[in-house]
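The structure under discussion appears below in the form of structure tokens.
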Amino acid sequence: MAFAPLTAGHTLAVTLAALLIASCATTPPPAPAPPKAATAERPAIEARAFRPDFAVDQPQPRISVTAHPLASEAAEAMLARGGSPIDAAIAAQMVLGAVEPHASGIGGGTFILYWDAHAKQLKAYDGLAAAPGRVTASLRTDTDGTLLPSDPSQRGGRTVGIPGTVAVFAMAHARHGKLPWADLLTPAIRAAEEGFPLPPYVHSILALPGGAQNHPEMRSLYFGTDGKLLPIGTTIRNPEYARTLRRIAAGGPSAFLNGGGAKAILAAGQRGFRPSLMTEEDLRAYKAEERDPVCAPFLAYRVCTMSPPSFGGLAVLQILQLVEARAGGRFDFANPDFVHLYAEAGRLAQADRRKHVGDPAFVSVPTRALADPAYVKGRAALIDAGRARADHPAGEPLAKRTAEAPVFKEASALGALTPDESDPITTTSQLAVADANGNVVSVTTTLNLNFGSRLMADGFVLNNAMTNFSAAPKAGERIANQMEPRKRPVTSMAPTIVFDAKGEPILAGGSAGGGPIVDYIATGLIEILANGRTPRDALTQPRLTTAVQGKLQLENGTAIHALTPALTAKGHVVEGAALLSGAGFIQRTPKGWIGAADPRRDGAGR
């Protein structure tokens, strides 16, 4: 995908990471409730990289926004040495595996969207975790065909997908990296060996009722000998993770599985509720994939994001186009009429993705047709401006189907995930980086639910990505996201880069946060692109989501929650929720880059 060349500018990066480090001071407060929504007292952490003039003979500014200040420091260190955004993202991710291991790490999966300024190309790389070669009809279906209990099926060995994060970063580094692979792991090794303050957000997860019982493999890291959770700010060390990183630094990405790595993963998968069906052949057969990004217009911009197996990217593009078609130029989340429009758009987009989106190696996904403006405009006509629909049917973007093409049924839910869809603690990590040469990357990386499978191997947490498959289809039916050998389950993750009319990248980012990721990104893009807010201001706005089927969730304790009566009168089933997103955006302005990380978590910019 080619675009017009970028214009050079110049500046330096400024960090606010110290503000976050101060919040992890050694004098800890009592164990907190889950983090609260953004307020005037808890603003979004902002990074600015301004250029004082428009001289074109100087390098562009560089900037990074990550989910933790130490990760931002690692990213900046790589950029300062002349590294690429991929180098910076790898360094940041490896640090996140130490400081926010509930959310992402080398035991999980990752999407990368990369703008190569020299080649003027946008690249998408898929390192999503995949199913083993031996699977059953669903995560709740045992090998003998019996149905397993629902709740335990969300954790333990059977939930672990083949990790893809190291493989996809290795692919991206081979194509876009500048610094030696080993150098990128140095900050994470130092953090794991020397220690770091226990962050508030990780603490809030482990402080929930049953924290020690639910996370037995994390007890030695986060709990004292008396079984009590260590206070916020306590120095945490993970020497086993450091040894793993040293092995991968010395031997390269292949050392993730070599040197006993594969055996450690398989051994961990045999623990917990129901052992994994994964084999060493599964681990070694995994390959990262290059995908074609999917793009669509919104206002004067071109929004590009991740294609399937991401359903999040298509849903974001559809929502943006649906609201633009019906909003009349007013995008006001304080107005119940617009919130109603947004919610109906979200439900239509969710219906489409449930029916049509799956792993493109197994499903012929009509990706371009689903994002096509003409198709989406037709879907917009289904929205009643004054009343919520009783149903939100999936559309048929392809006018003709061949006789051989299977007809998929709409999945009712992501089978095993339903009980946790309203869990106030969110997972996944978001990174966005721009370097001095105009290259830009947006990375979304995950273990799925918080602390994934709750199993550890060699000091890192293993994902529970298998919970993202749909429930087993009924006899004779096909579901696009049904579980199959070596298949990748769909995900809401949708790293995004926005281009202006000249083809220059002017915004990059994405979000953590489970199913509501779609709405965290779409609302952020609307606030920045349509309403002219800065990333910082956009991230402090109240949240809403239609990710839970049949409900409109509004962020508790915010102005949008006060719209409940008006929205209920329009026929919506409204529910208050924590909606602890983890978004991050960087934006190019006439004076340089600015960026912000979500204040609902431990994010930082540099």
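Mind checking the full-extension length gain between L230 and A80? Use 0.36 nm per residue of separation minus the Cα-Cα distance, one decimal, nm.
Values: separation 150, 0.36 × 150 = 54.00 nm, distance 3.50 nm.
Gain on stretching L230 to A80: 50.5 nm.
Report the gain in length on full extension from A334 to R478: 0.36 nm times residue separation, minus Cα-Cα distance, nm rounded to one decimal.
47.7 nm
What does the charge add up to near T523, with Lys and Arg as +1, Asp and Glu as -1, over the other residues with Cβ less than 14 Å from its Cβ?
Values: positive: R533, R543, R600; negative: E324, D332, D519, E527, D537, E555, D598.
After counting each charged neighbour, the total is -4.
Add +1 for every Lys or Arg and -1 for every Asp or Glu among the other residues with Cβ under 13 Å from the Cβ of M278, and state the total. Working shown, then result.
Numbers: positive: R134, R158, K263, R271, R274, R284, R486; negative: E280, E281, D282.
Surrounding charge for M278 is +4.
Along the Cα→Cβ direction, 7 angstrom out, place labels at N214 and T143. What is the inter-label distance in nm?
Reported label-point gap for N214 and T143 is 2.9 nm.
May I ask for the net charge around H572, where only other residues with Cβ less than 13 Å from the Cβ of H572 are counted and Lys, Arg are +1 while Asp, Glu are -1? Before the final figure, lay out the partial values.
Values: positive: R347, R387, R389, K551, K570; negative: D337, E344, D384, E575.
With Lys, Arg at +1 and Asp, Glu at -1, the net is +1.
Taking a probe of 1.4 Å, how large is the accessible area per residue of segment 179-269, in Å²? Don't skip to the end; give the middle numbers.
Details: 3750 Å² over 91 residues.
Roughly 41 Å² per residue, with all protein chains present.
I'd like the carbon and sulfur percentage of the solvent accessible area for segment 144-291, probe radius 1.4 Å, heavy atoms only, ligands and nucleic acids excluded. Don't jump to the answer; show the numbers that get you there.
Working: 3350 of 6290 Å².
Ligands and nucleic acids excluded, carbon and sulfur give 53 percent.
What residues qualify as long-range amide H neighbours of G576, i.e. H under 5 Å apart, gap of 5 or more or another chain, H built at 1.01 Å from N?
L554
What FRET efficiency would be calculated for the residue pair A285, K120, taking the C-beta separation as r and a Förster radius of 35 Å, to the nearest 0.05? Kindly include the intermediate steps, with their values, before the conclusion.
Working: r = 34 Å, r/R0 = 0.98.
Approximately 0.55, to the nearest 0.05.
What is the set of long-range amide H partners of Q121 at a cut-off below 5 Å, with H atoms built 1.01 Å from backbone N?
Those lying under 5 Å, H to H, from Q121 are D116.
Report K123's accessible area, 1.4 Å probe, all protein chains in place, as a number in Å² to the nearest 10.
In the full protein context, K123 sits at about 50 Å².
The values are calculated or read from the model by the stated rules, or taken from the named source; none is laboratory data. All figures in this text were calculated on a predicted structure; none of them were measured in a lab. Neighbour counts run over all protein chains shown; Cβ positions are idealised from the backbone, glycine included. Accessible surface is based on the protein model in full, side chains and every heavy atom, while ligands, DNA and RNA are left aside. Shrake-Rupley method; radii C 1.70, N 1.55, O 1.52, S 1.80 Å.
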